[in-house]
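The numbers here are math on the coordinates, done by the rules we state, and not lab data. None of the values given here were measured: they were computed from a predicted structure. Positions of Cβ are generated from backbone atoms using ideal geometry, with glycine treated the same way; all protein chains shown enter the neighbour counts.
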């Protein structure tokens, strides 16, 4: 079978035999020496570079998507099993990279081959080897952009970020997924802005860097990752790490193995967190750089408010209630704000929910609303919007004038072609942004006027004109607490 993308049912049925026959040496856990993953600029000067290209060519040439030696097999594994926007986003991908790394060693017959990473905090321009369209270059893919400077932020590495996983406040995992992870996908565009993003080899260098940044952030003591406080310990004690990750039928990994890179027998050549963004001069001078995230001294103004039809408050489900919103928001090159015209009763419910959310769990009566989410619903990509090359930062109650550092206080997340494609993959395209923590920092006066701002960030060759329609922008309260780790209506188990 050569089709890509395989549906989940077909993939499961056709890949079981292939997965069962994988010849990884004890799932890769028996290697005596720890392999070191290198940054691309160093990696390409080693013999591993030729092995990497050799494996990539062979796997792309294999048209049997049910074969673990094909590139399509690993793309389909990611599409069908990856968790995004939910707990284990980082841990699942750590195992995924490890298994592909093992397979590339088998295909290339080079047991020294390790997955390289792209440190875009030093080199925001994509390596030239990936942009060379010479026939036969397995690294080349058509892309909308190659410069990811505008995706970068220092927010995940702030000194106050201590917790780890989705479902906890001020946590590293959701912060780094929101940025730079998602915006890198969006600015590169092409396959990277779709469900089949692993078709592009740069995907794996991107995720290896995300994994490296997780490891660097966690050192030396784990910083709130569930389990023991020492990442060098021999076991984890938290039930968070119980169970297995699935990558294909018959191909699983115990979750706890992904707790620390050394337990999968690899490390990184650079275990340091970024301390600053790269010099602006390294970015493409032809790119319309916007300093929204670039420098703390830069100013950010709230975009003008559009005139959108109001939507009434209503019950969304037994556990969720919309407090009101607007409809028909069309996004183009100009940033825009949407003021949500909430009735007095809705504003009071919003304030009451934030007050309840601040209490310890035992003090919250069952059935009370205790979290707030901003919902972008009925999302539709327009025209060239599906090709990527842009994204929007989503803020709530952004001040009329502020600096970029302070603006992070009002930041909810990002939306672009990548997020929308993932949301649409599992049904109705809807994205939710946890707003409880952000709103709890605002005064009662600030909560009298709820405004969602969508600030356009463009990359190279970004599309012009309308790119995205938001059928409904609303604010909801829920009986589900903000620290609940369940997906609760997020964009499905995966947007890849």
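Details
- Approximating the spin labels as points 7 Å out from Cα along Cα→Cβ, the residue 159-to-residue 318 distance works out to 4.8 nm.
- Alpha-carbon centroids, the range 434-482 and the range 347-413: separation in whole Å: 5
- At full extension, residue 276 and residue 378 could sit 33.0 nm farther apart than now, given 0.36 nm per residue minus the alpha carbon distance.
- The range 8-282, relative contact order [Cα under 8 Å, separation at least 6], %: 25
- Taking 349, 192, 169, 126 and counting other C-beta atoms within 10 Å, the order from fewest to most: 169, 349, 126, 192
- Cα-based convex hull volume of the range 66-138 per residue, rounded to whole Å³: 143
- Globularity index of the range 8-282, i.e. its alpha-carbon radius of gyration over 2.2 N^0.38 Å: 0.96
- Nearest-0.05 FRET efficiency for residue 132 and residue 60, computed from C-beta distance (R0 25 Å): 0.95
- Rounded, prolate or oblate (a/c below 1.5 giving rounded, otherwise prolate when a/b exceeds b/c) for the range 388-466 by Cα gyration tensor: oblate
- Kirkwood-based shape ratio for the range 299-478, expressed as Rg/Rh from alpha carbons: 0.97
- Taking other C-beta atoms within 10 angstrom as a stand-in for reagent exposure, 331, 219, 447 fall in the order 219, 447, 331, fewest first.
- Taking other C-beta atoms within 10 Å as the exposure proxy, 449, 307, 377, 200 rank 307, 449, 377, 200 from fewest upward.
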